[in-house]
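One structure is given here, and the rest of the page talks about it.
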Amino acid sequence: MKRRILLLPGDGIGPEVVREAKKVLEVVGKRYALQLEFREANLGGAAIDVEGTAYPASTRAAAREADAILLGAVGGPQWDSLPAAQRPERGLLAIRADLDLFCNLRPALLFPELAGASSLRAERVAGLDVLIVRELTGGIYFGEPRGISVREDGVREGINTDRYDENEIRRIGRLAFEAARKRGGRLCSVDKANVLEVTMLWREVMESLRPEFPDVSLSHMYVDNAAMQLVREPKQFDVIVTGNLFGDILSDTAAMLTGSIGMLPSASLNASSAGLYEPVHGSAPDIAGEDKANPLATILSAAMLMRYSLDESEAANDIERAVADVLSAGKRTGDIATNEAEEAVIGTRAMGDAVVSALSYEGE
Ligand code: IPM
Ligand code: MG
């Protein structure tokens, strides 16, 4: 059976990190005889330059046909002056909406070797393993009305709308409960229910799911407190479920705890098994093309792709083990280097090669 993987390298460091992850996918694909078929399409700024729009029809067609999608990153200063509706980021939001990828999984896992690179003291983060479940196709990112307009009194006004209906909350809630059930059994729902009605409903619906999951303990936390707790005592969390905007912010915070945002993968899933996999980090235009980017977040996203869309958990485990091996061998890209004597700082390509050779299937 052919598995169609669509690569969307995107902008900035996107093409470099996707190239490395593709090498890794090819090696495990061969090992497990997976018949992977790669296609490539444009998204974001790259698509604007070639096809005039951030999510062109050609990309949409390829995305709808794919079994899984691997994305690099979108955005960059050269497109920053475009009107909001034409920016590269809109391409990313459009593909998430188009494929109904409402469930975004962002695991923040600390590799023991990187405890020294964390923004917190090593003992605070040792063993850290938090899963952030972010709602990805609703909330203030998509709510209408939105826009910037000139009011009757001549003053300009910007508007966005935070809205969720109970079905949207229930479906992400159920997946988060299920994820918690498979892990430590603790789910923390993050909201701002002391101020925002939309999140009062969020809390009510989360609470209403409790009887379906008697084996999961549910707690609630306001987002300001959650931000504080994440940098104070992050190990108190197992699974966090939250809306689109809070999830965006908290996942970057969680990323820093693990040493670098260059380490964090993500999976965006819909109700069927097709999914989009991307590193949590952005396009890092300042280091694009310099062979400095850390490809591990994208390589770990490729592992999630194997697990969730292709149902190849052994291949996923192999990739994750290879990444751990490379780190314990002291190989580091600049972002995760801590200047310890045993560490070797290497580039994007060399890091991808190191993961490939750590897979060491040769001679089997
Ligand atoms: C992310 C990114 C995106 C988001 C941007 C690039 C639109 O920050 O995936 O976290 O805000 O969702
Ligand atoms: Mg973000």
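The values are calculated or read from the model by the stated rules, or taken from the named source; none is laboratory data. All figures in this text were calculated on a predicted structure; none of them were measured in a lab. Cβ sites come from the backbone with ideal geometry, for glycine too, and all protein chains shown count toward neighbours. Just the protein is used for accessible areas: all its heavy atoms, side chains included, with ligands, DNA and RNA removed. Shrake-Rupley method; radii C 1.70, N 1.55, O 1.52, S 1.80 Å.
In the elastic network of the chain, a GNM with C-alpha springs shorter than 10 Å, the most mobile of L99, L276, L196 is L196. Computed over the chain with a Gaussian network model linking Cα atoms closer than 10 Å, the most mobile of L136, L92, L105 is L92.
Within the listed set S81, S208, S251, the Gaussian network model of the chain (springs between alpha-carbon atoms below 10 Å) gives the highest mean-square fluctuation for S81. The length gained on full extension between R31 and R156, counted as 0.36 nm times the residue separation minus their Cα-Cα distance, comes to 39.1 nm. With 0.36 nm allotted per residue and the present C-alpha distance subtracted, the S119-S58 stretch has 17.8 nm of extension available.
Looking at the chain alone, DSSP beta bridges between its own residues are antiparallel in about 40 percent of cases. Normalised per residue, the accessible area of the stretch 129-257 is 48 Å², obtained with a 1.4 Å probe and no contribution from ligands, DNA or RNA. A Stokes-Einstein calculation at 20 °C with viscosity 1.002 mPa s, built on the Kirkwood radius of the chain over Cα pairs, returns a diffusion coefficient of 102 µm²/s. One equal scatterer on each Cα of the stretch 129-257, no solvent, Debye formula: the resulting log10 I(q)/I(0) at q = 0.14, 0.17, 0.18 Å⁻¹ is -0.61, -0.85, -0.93.
Of interest is the spacing of the C-alpha centroids, which for the stretch 1-36 and the stretch 250-295 amounts to 16 Å.
Only helical runs count toward this figure. For the chain, summing -39,500 (n - 2.57) over DSSP H runs of n ≥ 4 and dividing by all residues gives -12500 deg cm²/dmol at 222 nm. Surface composition of the chain: carbon plus sulfur atoms hold 51% of the accessible area, using a 1.4 angstrom probe and ignoring ligands, DNA and RNA. Spin-label pair Q78-L196: with each label point 7 Å from Cα along the Cα-Cβ axis, the two points sit 3.5 nm from one another. Under the combined filter of DSSP loop state and at most 12 neighbouring Cβ atoms within 10 Å, the stretch 109-216 retains these trypsin sites (Lys or Arg not before Pro): R121, R151.
Averaging Cα coordinates gives a centre for the stretch 323-356 and one for the stretch 107-123; these two points are 15 Å apart. In terms of its C-alpha gyration tensor, the stretch 268-364 has an oblate overall shape, because the principal axis ratio a/c (a ≥ b ≥ c, square roots of the eigenvalues) is not below 1.5 and a/b does not outweigh b/c. The count of lysine pairs in the chain with alpha-carbon distances below 20 Å, taking only pairs 8 or more places apart or on different chains, stands at 10.
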